[in-house]
Structure formats: structure tokens, C-alpha cells
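The values are calculated or read from the model by the stated rules, or taken from the named source; none is laboratory data. In this text, all values refer to a predicted model and were calculated from it rather than measured experimentally. Note: ideal-geometry Cβ built from the backbone for every residue, glycine included; neighbour counts use all protein chains shown. Just so you know, the surface numbers come from the protein's heavy atoms only, side chains and all, with ligands and any DNA or RNA stripped out. Shrake-Rupley method; radii C 1.70, N 1.55, O 1.52, S 1.80 Å.
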Amino acid sequence: MSYILVLYYSRYGATAEMARQVARGVESGGLAARLRTLPPVSTVCEATAESIPDTGAPYANLDDLRDCTGLALGSPTRFGNMAAPVKYFLDGTSGLWLSGALAGKPAGVFTSTSSLHGGQETTLLSMMLPLLHHGMLITGLPYSETDLLRTRTGGTPYGPSHLAGTESNLPVSDEEKRLCHGLGKRLAETATKLARSHD
């Protein structure tokens, strides 16, 4: 079954909510969405962490990534970069890189920050770099998504973003939700067009 993998790490829940909105957009675009999260990086030993989270989406594995039709990758911002769990997972994908398993598949990225100028765009760009090495086709947000012109919260042409506030408790705004939805729909429609062009 064709699906878009919506893969994310979330600390306080904002990136998880964005992922759910992206997944809704994927499904409105005609494909299934597979929602998966990543565990925190353990400072002790990987084996000490539970293999299944207490709540939310299941943890991702390399098969989820290898078999996807497209990818939406989300992370909160850490000093203008993706969070360590996302980087850690991507660092373990060299086998997929060697086989070219992701080459030619569409991908998009999304992020959340506590301050408006807290590195949203650099984080989105940092997440694109390993995807480009995999040969994925980066899908941003065009300005036909008119919320990019009106938003007073998050939103960039590089991908959806969210302003969570200094207490990380601001809800995802209507504009931010629509931009997440738009990315998911765009990924699904792009993946479908690519599949038809190969038939």
C-alpha cells in the first residue's frame, strides 16, 4: 500500500499536533498517512528505553522509511537545527542511502520554535540536507498557500512552522494548521503524479 510517512520528534506536543495536521492533508490528497515518532536519545544506553511509547504514534523503524512513497519530517528547533533524535535516526540510514531506496521520492519538512525568530528556517533547511543526500525531491510550500502572506504566527515557503511561545504552550494556529494540511496534500499529490509518470 502506498503511504506518506509522517515522521517526527516532539517534546511538548506542538510538533506532534503539526504531524497530525500534515497526516490529515496527506489523506485529503488521496494517500494513506503513516504517523511515526522517534524516541529521545538516551544518555545511558539504547536498551534502557521502552520500545513502544506510552502514548501517541509508534516509534519509526527503517522499514517505515524504506517502504514509504514520500516523507514529511518534523522536528522542534534546537539552536537553529533539528533535534538530536531526528539527526540520530537519520544518521542510521546509510544502508538506505547505499541502496538508493529513497531516491526520487518527494519529501517535505516542518518545525516548531518557542520564539518567532528562533531558527525556524535554518532548522527546516538542516532537515533538507540529509534528504537531498538520499536523492529525495524536496517539496516546499508555494505562495498559492495564501496563509503564507497573512500569518502572524509560523509558516515559511520552506515548510510549515509553529510559534509555540516561551512556555511552549501556544496552540497551533488556524493558519499553521492549514499550512501543515497543505504540505501533506502536496506530498500526496506529488507522489501520485510521480507514480503515474513511471507507469
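When each of Gly100, Gly108 is tested for being under 14 Å from the mean Cα position of the chain (by Cα), among the small types (Gly, Ala, Ser) and over 19 Å from Gly13 (Cα atoms), the lone residue that passes is Gly108.
Cβ separations smaller than 8 Å between residues 6+ apart or across chains give the following pairs from region 157-170 residues that are assigned to a loop (DSSP other than H, G, I, E, B) to residues that are acidic (Asp, Glu) and surrounded by 13 or more Cβ atoms within 10 Å (Cβ to Cβ): Tyr158/Glu121; Pro160/Glu176.
Mind checking which helices (runs of 4 or more DSSP H) fall wholly inside region 2-119 and carry at least 3 residues that are under 19 Å from Gly159 (Cβ atoms) and of a type in the set (D, E, K, R)?
Fully inside region 2-119 and qualifying: 14-28.
Flag set for Ala57, criterion: within 18 Å of the chain's Cα centre (by Cα), open to solvent by less than 30 Å² (accessible area, probe 1.4 Å), at pLDDT below 95 and not β-branched (Val, Ile, Thr).
When you check Gly13 against the structure, is it among the small types (Gly, Ala, Ser), surrounded by fewer than 19 Cβ atoms within 10 Å (Cβ to Cβ) and within 16 Å of Pro76 (Cβ to Cβ), yes or no? So Gly13 fits the description; yes. Taken over region 147-189, the criterion of being modelled with pLDDT of 95 or more, open to solvent by 40 Å² or more (accessible area, probe 1.4 Å) and hydroxyl-bearing (Ser, Thr, Tyr) is satisfied by Tyr158 alone.
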